[in-house]
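Notes follow once the structure below has been shown.
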Amino acid sequence: MQIEEKIIDENRQGEALNFQSSSQNNKKLFLESYGCQMNFSDSEIVASILDKEGYTTTQQLDQADLILLNTCSIREKAEQTVRKRLTQFNTLKKNKPALTIGVLGCMAERLKEKFLEEEHLVDLVVGPDAYRDLPNLLQETDDGRSAVNVLLSRDETYADLSPVRLGGNGITAFVSITRGCDNMCTFCVVPFTRGRERSRDPHSIIEECKELWKNGYKEVTLLGQNVDSFLWYGGGLKKDIKKASEIQKATAVDFAKLLEMVATAVPDMRIRFTTSNPQDMNRNVLHTMAKYANICKYIHLPVQSGSTSVLKRMNRQHTREEYLQLIDDIRTILPDCALSHDMIAGFCGETEEEHQDTLSLMEYVQYDFGYMFAYSERPGTPAHKKMPDDVPTDVKKRRLKEIMDLQQKHAFKRMTAYVGKVHEVLIEGDSKKSNQEWMGRNTQNAVVVFPKTGEEKPGDFVNVLVNNCTTATLLGNRV
Ligand code: SAH
Ligand code: F3S
């Protein structure tokens, strides 16, 4: 079960990532990422842009000429982590004045010039849509000026850039398909830090997936804040489709169609996607998942609360009943599908009864995994402006614990149901605990650990008979 910060892999959070530049300028970059998958994926774009400028990466802080921190604003705690890290970097700068320190990502976008004025000593502030400008901005900092570009774009998707794969396992990769979010959930800072929703040209997505396959990758995760609202019609913002020509409308590609295009373009590649928003998930996506064996049977379907009144205050566009109907449809169309959720405890005005609705919804769904958070008020969001953050901290904590305990129980129950069955596992690498064991995942995204037989390698698909489990891991033997 993953909790607290929602991240790809806890081990990678804050990790400095390495690549070898194709042309050298003798400058070394230390690039560290925090937050969601999208940030890690963006860091790969940044690496690609700086690769062309001749930067090589280093994991030794004291060797760096440029330190870039890709930041997250989703909760107060995420920002605190970044501030602490910047304080450490500033100590370095005292002894090495030529060192350039830059902040990228959501916190850069949220605080803008304020980062230069009020926060720690940084030279460079770059928002998520301005990474192409990095070479120019670095020229400015080289000339001794500080530089800021936090312009949000209506059409930037970095579609033409080949991301430099950083610090991954060479087997699984992220492919970004949309940027931004138009949903305006009242608690969420993302629409302000990542701008309007736009979809990427499907052909560039397919090309990237094919390239990954050619390079030995066996699994892609299609990424977006809200993948189900993917819509490509040759235009920019989704909301502008009304202005599109008849031909554009007739040939538009929605998420179900995109999934099918990817599934058939790379038929032996495993395909995952995240994140789905219940209000936008149409049943065609479920039927497409059922039709193609290479689309993994796992849906991350954040609900945030089990109470219709809370969902309304959150500006989520569905009720409890509509969500449960969607769950029923998933269970009917995809009986083996695993489900996970995001849940927020103690949102503005949440009563005990509303909290109980969350627990009962969880009881109904019995999620495999969950990402659970205490509500953290974010400056500038509609909730911050209009609703008091009035659930006392101890109550938030207690409710969060109840949610986590229940999730733990359900996770174990779900994992237990996998015991005694044979699972197809994609081997990702050594298990955390031992180099005598492999770690991989089944289609439902559950981690499977089994002893090496000497006849398999990372990237292989193997069958494993599961004979035991914990709340987070299936254990077994190759058959
Ligand atoms: N659609 C996005 C959601 C990004 S935020 C995606 O791709 O996952 C991830 C999760 O963080 C949200 O689903 C929500 O559960 C949680 N979150 C967002 N804002 C929050 C806040 N202010 N306080 C606590 N949790 C929050
Ligand atoms: Fe945030 Fe809601 Fe979009 S949680 S990212 S505003 S779907």
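The values are calculated or read from the model by the stated rules, or taken from the named source; none is laboratory data. These figures come from a predicted structure and were not determined experimentally. Note that each Cβ is placed from the backbone with ideal geometry, even for glycine, and that neighbours are counted across all protein chains shown. Accessible surface areas use protein heavy atoms only, side chains included; no ligands, DNA or RNA. Shrake-Rupley method; radii C 1.70, N 1.55, O 1.52, S 1.80 Å.
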(request) Scan around Val175 for amide H atoms under 5 Å from its own, H built in the peptide plane at 1.01 Å from N, and keep only partners 5 or more places away or cross-chain. (result) Thr221, Leu222, Leu223
(request) Output ³J(HN,Hα) for region 318-335: one whole-Hz value per residue in order, computed from phi by the Karplus curve 6.51 cos²θ - 1.76 cosθ + 1.60 with θ = phi - 60°, and x for Gly and Pro. (result) 8, 9, 4, 5, 5, 5, 5, 4, 4, 4, 4, 5, 4, 5, 6, 6, 10, x
(request) Using a 1.4 Å probe and ignoring any ligands, DNA or RNA, find the accessible area of Val447 and quote it in Å² to the nearest 10. (result) 30
(message) With a 1.4 Å probe and all protein chains left in place, how much of the accessible area of the chain comes from carbon and sulfur atoms, in whole percent?
(response) 50
(request) Go through Ser33, Met404, Leu99 and say which Cα lies farthest out towards the positive end of the charge dipole of the chain; charges sit on Cβ, +1 for Lys and Arg, -1 for Asp and Glu. (result) Met404
(request) Give the percent of DSSP beta bridges with both residues in the chain that are antiparallel, rounded to the nearest 5. (result) 35
(message) With both bridge residues required to lie in region 338-447, what share of the DSSP beta bridges run antiparallel, to the nearest 5%?
(response) 45
(request) Could you size up the charge dipole of the chain around its Cα centre, putting +1 on the beta carbon of Lys and Arg and -1 on that of Asp and Glu, and report it in debye to the nearest 20? (result) 260
(request) Work out from phi, with θ = phi - 60° and the Karplus expression 6.51 cos²θ - 1.76 cosθ + 1.60, the ³J(HN,Hα) of each residue of region 459-469, listed in order in whole Hz, and give x for Gly and Pro. (result) x, 7, 9, 10, 9, 10, 8, 7, 10, 7, 7
(request) Find the accessible area per residue for the chain; the probe is 1.4 Å, ligands and nucleic acids are left out, and the unit is Å². (result) 41
(request) Run the quick spin-label model on Gln279 and Glu424: label points 7 Å from Cα toward the beta carbon, then report their separation in nm to one decimal. (result) 3.6
(message) Test of the criteria: in region 388-479, which chymotrypsin sites (Phe, Trp or Tyr not before Pro) are in a DSSP loop and have at most 16 other Cβ atoms within 10 angstrom of their Cβ?
(response) none
(message) If amide hydrogens are placed 1.01 Å from N in the peptide plane, which non-local residues have theirs closer than 5 Å to the one on Thr57?
(response) Phe19, Ser21, Leu29
(request) Under 1.5 on a/c is rounded, so check that first for the chain, then, if it is not, pick prolate when a/b is larger than b/c and oblate when it is not; a ≥ b ≥ c are the square roots of the alpha carbon gyration tensor eigenvalues. (result) rounded
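If we count trypsin sites (Lys or Arg not before Pro) as exposed when they sit in a DSSP loop and have at most 16 other beta carbons within 10 Å, what is the longest stretch of the chain that avoids them all?
The longest such stretch corresponds to 155-420.
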(request) Scan around His300 for amide H atoms under 5 Å from its own, H built in the peptide plane at 1.01 Å from N, and keep only partners 5 or more places away or cross-chain. (result) Ser276, Ser340
(request) For region 204-278, run through the chymotrypsin sites (Phe, Trp or Tyr not before Pro) and keep only the ones in DSSP coil with at most 11 other Cβ atoms within 10 Å of their Cβ. (result) none
(message) Using each residue's phi in region 436-441, evaluate 6.51 cos²θ - 1.76 cosθ + 1.60 at θ = phi - 60° and report the 3J(HN,Hα) Karplus result to the nearest Hz, with x for Gly and Pro.
(response) 8, 10, 8, 10, x, 10
